[in-house]
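Report on the structure given below.
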Amino acid sequence: MAAIQFIFVILGGVAAAIAVTEAIWKPFRRHVLKRPESKAASEEQVAKISDSLEELMAHLAPNREGVIDVGTDELAKATGPETLGLLEEALRLQAEHKEREAIDALYAAFQKDLEPLAKAQLHNMLGTSFAKLNESEEAEGHYRQALDASRQADNRQGEAAALGNLATVYGDKGDLERAEEHLQAALTIQRDIGDRLGEAGSLGNLGLVYATQGDLERAEEQHRQSLEIKREIGNKPGEANSLGNLGGLYYQQGDIDLAEESYQQALRIHGEIGDRLGEANQLCGLGLVYARKGDSDGAKENYILAREIHHEIGNRFGEAQDLGNLGLLAAKQNGSKEACRLLTEALAIFEEIGARLEVEQTRKNLEELGCE
């Protein structure tokens, strides 16, 4: 029987590549006319909302390395009070991993008259929510519009963010050369304007690209640079992501003890800051580590914990990956009956959300197990 492949390869919470088609963004609610704001936000409102947005974004866990730095002061000044309220609601929902509700709030904000800066940031946020839902067509469409709007507003920070986000889409497509090109362009801008957090995110994402290409030494160098910057600026979510990415890298290199240590450090930080998605991702990484060590009980425990979190926060893709990993573990432990059941559940979710590569791989695994 041919080898059955694990579905989930962890790189700091970044799942294996997802196949997508060329994106053509089609906005929802085209029949709804934009309504102007009733009045401009006062300086007091701007300061209050800006502080609130900054606090919320500090706790957001990105799908990839670089969290979108919305630039809260500029964004607060560029919008009216009604839009600011919708934006604050959307950020809170994203922090709670309620992506569908966040998308609704962001589309409601688009009904207002917005300056290019605000449009760019909202498109970046929409793209990120769609990316978390593995709806890559919509994500790419919004990231492209964010890039255009950022350039129109002469906002270099937003331009770099959009370039970095597009790079993740190209990476998911397997177009690593284009992904690297966009990340290098983003990195140049971020260094020019002194955006240290953005620089760290781009370095981390370059590390993921190089790891996928098999250049593990160069990948480790990028991740270590990223980690150093995040520690310097006190960015705990980013620090945890970098540690998780290093864990994935050590796993690839076969240094299982070092991988476990890195995943445990990342898990501890995610727990301290209340990042449930980050916790689930590191638990998956630990599950892979224990499976490699031959500790099937330890692997199963971590996969089950990860699945509980993914289910709790509504992350269907993550839940399907957990079911797939549990199924493959069951195949090694106690035969194919339980494995077939778990893999069939995983396949149903992957088909439902349109995760094409995962559908293909899960079907292959089911075939290899002789599942009906």
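Computed from the coordinates by the stated procedures, all read-outs in this text should not be read as laboratory data. No experiment lies behind these values; they were computed from the predicted model shown. With ideal geometry, Cβ positions are generated from the backbone for all residues, glycine too; neighbour counts draw on all protein chains shown.
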Worksheet item: Exposure proxy check: LYS98, LYS364 ranked by fewest other beta carbons within 10 Å?
Response: LYS364, LYS98
Fill in: Linear extension gain, ILE353 paired with GLU261, 0.36 nm per residue minus alpha-carbon span
29.8 nm
Worksheet, complete the sentence: If amide H atoms are modeled at 1.01 Å from N in the peptide plane, then the residues at a separation of 5 or more from LYS112, or on another chain, having amide H under 5 Å from its own are ARG35
Item to complete: First measure r as the distance between the Cβ atoms of ASP295 and ILE233, then evaluate 1/(1 + (r/R0)^6) with R0 = 45 Å and state the FRET efficiency to the nearest 0.05.
Response: 0.75
Worksheet item: For THR188, what charge total do you get from the other residues with a beta carbon under 14 Å from its beta carbon, if Lys and Arg give +1 and Asp and Glu give -1?
Response: -4
Practice prompt. Show the residues, 5+ positions off or on another chain, whose built amide H is closer than 5 Å to the amide H of ASN134.
Written response: none
Worksheet entry | When each of LYS132/LYS230; LYS173/LYS364; LYS98/LYS236; LYS132/LYS236; LYS173/LYS337; LYS98/LYS230 is checked by Cα-Cα distance, pairs over 28 Å | LYS173/LYS337
Fill in: Two-site FRET efficiency, ARG218 against ASP113, from Cβ-Cβ distance with R₀ of 41 Å, rounded to 0.05
0.35
Discussion item. Just want the ordering: TYR107, TYR290, from fewest to most Cβ atoms lying within 10 Å of their own Cβ.
Written reply: TYR107, TYR290
Worksheet item: Just in segment 218-302: which trypsin sites (Lys or Arg not before Pro) are loop by DSSP and have at most 12 other Cβ atoms within 10 Å?
Response: none
